[in-house]
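Written below as C-alpha cells is the structure these notes are about.
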Amino acid sequence: MDVAAALELLAPRLSPSATGVRHARRLSGGASLETWAFDLSDGTPLILRRRPDGALPRETALPLASEAALIRAAAAAGAPTPGVAHVCEPDDHLGEAYVMHRLEGETLGRRIVRDEAFVAVRPWLARRCGEVLAQIHATPTDHLPPLATSDARGELARYEGVYRDLDARRPILEAAFRWLEAIAPAPPERPVLVHGDFRNGNLMIHPDRGLVGVLDWELAHLGDPAEDLGWICVNSWRFGEWRKPVGGFGDYAELLSGHGGDISLDRVRFWQALGSLKWAVMCLMMYQSFATGADRSVERAMIGRRTSEAEIDLVTLMEGAA
C-alpha cells in the first residue's frame, strides 16, 4: 500500500471529524527517512516522519517510536516541539513512522540569519535557544526510552576511530584530536537529555513568535548539556554570519544567560571545537561515499569539500586558545 492510501485509512484515527486526507506530498527523503506533509479533510495540518521498508537507520539514530517518546517528554518539560499525534502500528501500513502536528515557520538557516522577515526576532533568538535547551536538559530521564550515554572523551574516541578508518591524513585534524584530548572536560555529575543536533536548520522559527519547534531528534542521547550549547555555535551553522557565534544570530553571553548561567564558556567552546572536528570527519565520510561510488549525488561531493572550512575553524579555535 502506498503512503497516500495508508494515510487515507489512518485519517479517522487522527481526528474524529476527518474522513480522508488532502495534498499529501513528500517533502524530503534522505538515505533512511522520509518526511511527508498532508492535511486531513477537516483542515488539520500534519507531518508524517517514516522509515521506508528496507531502509537502514544510521548507526546512532533512534527508533522512531523512541524519537516520538522523547518529543513528548521534552514537550511535557516545556520545550517547544511539534505535538506527536500518533505513533504508527503495523496495521497502519506505514512501517516505522509517527505523525506530528505541522508547525508554521522557517527552517532554512540562511533565511533565518539574513531575511528581513526575521529582523524582529533575531536579537532575542540566542537567549531563547538557551532557555529551550535548559528545558530539554531538565527533562526527567527516569522514564525515557533506552538511550546511549556519551561524554567528551567518548565522542573524541568514536570520531577518531571513524577518521582512522577513512585512512585520511589531514594535519590540522591530527592536531585537533590531540589538542582536544588534552583539554577534554570530565563527564557531568548527572548526564541529561541531549538533543544531539540542536542547531540553526533544525529549529522552526516564526517571524513573529521566534522559536516555535525543535525538530530532528534522531541523535538524542544522555550526556553533557554543554554539547548542545557548543553545537549551535559551530561556524558551519552560522550560514555566513560568522561574527555571531550562536547560529549566526546571537552571542555566547545571550545563550548562556538563557540557559541559566550554570555552564562555563570554556566548556561550551570545547564542545564547539569538538563539533567542528566532528563535522570535518562527517564531510570526509560524505566525500568518500561519493568517491567510492556508493552515493554519486553531487550533494555528497559538495559537502565533502567543506572539510577545509571546518579545518579553518579549528585553526582559529586552536590559535585563540593558545
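What spacing in nm lies between the two simple spin-label points modelled at Val162 and Arg190, each 7 Å away from Cα in the Cβ direction?
Spacing of the two 7 Å Cα→Cβ label points: 3.0 nm.
Could you check the simple spin-label distance between Met1 and Ala117, using points 7 Å along Cα→Cβ, in nm with one decimal?
For the pair Met1/Ala117, the computed spacing is 3.6 nm.
Excluding ligands, DNA and RNA, what is the solvent-accessible area per residue of the chain at a probe of 1.4 Å, expressed in Å²?
47 Å²
Quick one: length gained pulling Asp295 to Ser308 fully straight, 0.36 nm per residue minus the C-alpha distance?
Net length gain for the segment: 2.6 nm.
In angstroms, what radius of gyration and Dmax does the chain have, counting Cα atoms only?
Rg, Dmax (Cα atoms, Å): 20.1, 64.
Rounded, prolate or oblate: pick one for the range 242-283, where a ≥ b ≥ c are the square roots of the eigenvalues of its C-alpha gyration tensor, a/c under 1.5 means rounded, and failing that, prolate if a/b is larger than b/c, else oblate.
Oblate is the answer for the range 242-283, as a/c is 1.5 or above yet b/c matches or exceeds a/b.
Find the Cα radius of gyration of the range 1-149, compare it with 2.2 N^0.38 Å by division, and give the number to two decimals.
Working it through for the range 1-149, the quotient is 1.16.
By the gyration tensor of its Cα atoms, with a ≥ b ≥ c the square roots of the eigenvalues, what is the shape of the range 152-310: rounded for a/c under 1.5, prolate for a/b over b/c, or oblate?
Oblate shape, in that a/c is at least 1.5 and b/c is the bigger or equal ratio.
In whole percent, and with a 1.4 Å probe on the protein chains, what portion of the accessible area of the range 164-322 is carbon and sulfur?
Looking at the range 164-322 in its full context, I get 53 percent from C and S.
Using alpha carbons only, how many degrees (0 to 90, rounded to 10) separate the axis of helix 152-165 from the longest principal axis of the chain?
In the chain, helix 152-165 runs at an angle near 90 degrees to the longest axis.
Along each principal axis of its Cα atoms, how long is the range 221-322 end to end? Whole angstroms, biggest number first, please.
Computed over the range 221-322, the largest-to-smallest principal extents equal 47, 30, 26 Å.
Just to confirm the filter: which chymotrypsin sites (Phe, Trp or Tyr not before Pro) across the range 203-285 are DSSP coil and have at most 15 other Cβ within 10 angstrom of their Cβ?
Listed in order of number, the matching sites are Trp242.
Quick one: 3J(HN,Hα) in Hz for the range 273-290, Karplus 6.51/-1.76/1.60 with θ = phi - 60°, rounded, Gly and Pro as x.
For the range 273-290, the Karplus-derived couplings read 5, 5, x, 5, 5, 4, 5, 4, 5, 4, 4, 4, 4, 5, 5, 4, 5, 6 Hz, x marking Gly and Pro.
The values are calculated or read from the model by the stated rules, or taken from the named source; none is laboratory data. Since the structure is predicted, the reported quantities are computational estimates derived from the model, not experimental observations. Quick reminder, even Gly has a Cβ in these numbers, built from the backbone with ideal geometry, and neighbours come from all protein chains shown. Please note that ligands, DNA and RNA were not included when accessible areas were found on the heavy atoms of the full protein model with its side chains. Shrake-Rupley method; radii C 1.70, N 1.55, O 1.52, S 1.80 Å.
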